[in-house]
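Here is the structure we will look at, set down as structure tokens.
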Amino acid sequence: MTTVGEPTPARVGDRAAQTAAGEERPFRIVVVGGGMAGLGAARVLEAARAQGVPTNRRNVFLDNERKPEAIRRQLDEAVYRCRMDGEAIAIGHLDPVTVEVLAAELPGIAAKGADLVKPSDLVR
């Protein structure tokens, strides 16, 4: 079964503030519904996994360019990666253009070879 979904990212505590305060302690990972802050995504994932926090990372960003044709291309990229790798995580904004494209395209996604699943199905 192939899957397309979106992640719940992890946020890392502010390392710069810890260093400025002379504190040398491990990062604390908190799972939140927003974006990643603090370190690059690879370091966030590494720190989260080291603490046993289920993780995964995005494969495709749907709406860097908020034009319907660009969002459709990115959705096609997510489906392609899903078919090649067995899963793909695509994220985007709740922008009216993105929502409109997804409302039109997602009902036919299974015919393209992917299933839409909950984010929790893709974190481990």
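The values are calculated or read from the model by the stated rules, or taken from the named source; none is laboratory data. These numbers come from a predicted model, not from an experiment. All Cβ positions, even for glycine, are placed from backbone atoms using ideal geometry, and neighbour counts span all protein chains on display.
So in segment 67-117, with the set limited to residues that are surrounded by 14 or more Cβ atoms within 10 Å (Cβ to Cβ), within 20 Å of residue 57 (Cα to Cα) and among the acidic types (Asp, Glu), which one is nearest to the chain's Cα centre (by Cα)? Selected residue: 87. Looking across segment 57-66, just one residue is among the hydrophobic types (A, V, I, L, M, F, W, C), under 10 Å from the mean Cα position of the chain (by Cα) and crowded, with 17+ Cβ neighbours inside 10 Å, and that is 60.
With respect to the conditions (1) at pLDDT below 85; (2) touching a strand residue (DSSP E or B) at 6+ places or on another chain (Cβ under 8 Å); (3) under 22 Å from residue 121 (Cβ atoms), residue 38 lacks only one, and its number is (3). For segment 81-124, filtered to residues that are in contact with a Leu (Cβ under 7 Å, 6 or more places away or on another chain) and assigned to a strand (DSSP E or B), the residue that is farthest from residue 55 (Cα to Cα) is 116. When residue 54 is tested against (1) surrounded by fewer than 17 Cβ atoms within 10 Å (Cβ to Cβ); (2) farther than 23 Å from residue 108 by Cβ; (3) free of Cβ contacts under 8 Å to residues at least 60 places away in the same chain, exactly one condition is not met: (3).
Could you please let me know if residue 73 is at pLDDT 90 or above and in a helix (DSSP H, G or I)? Answer is yes for this residue.
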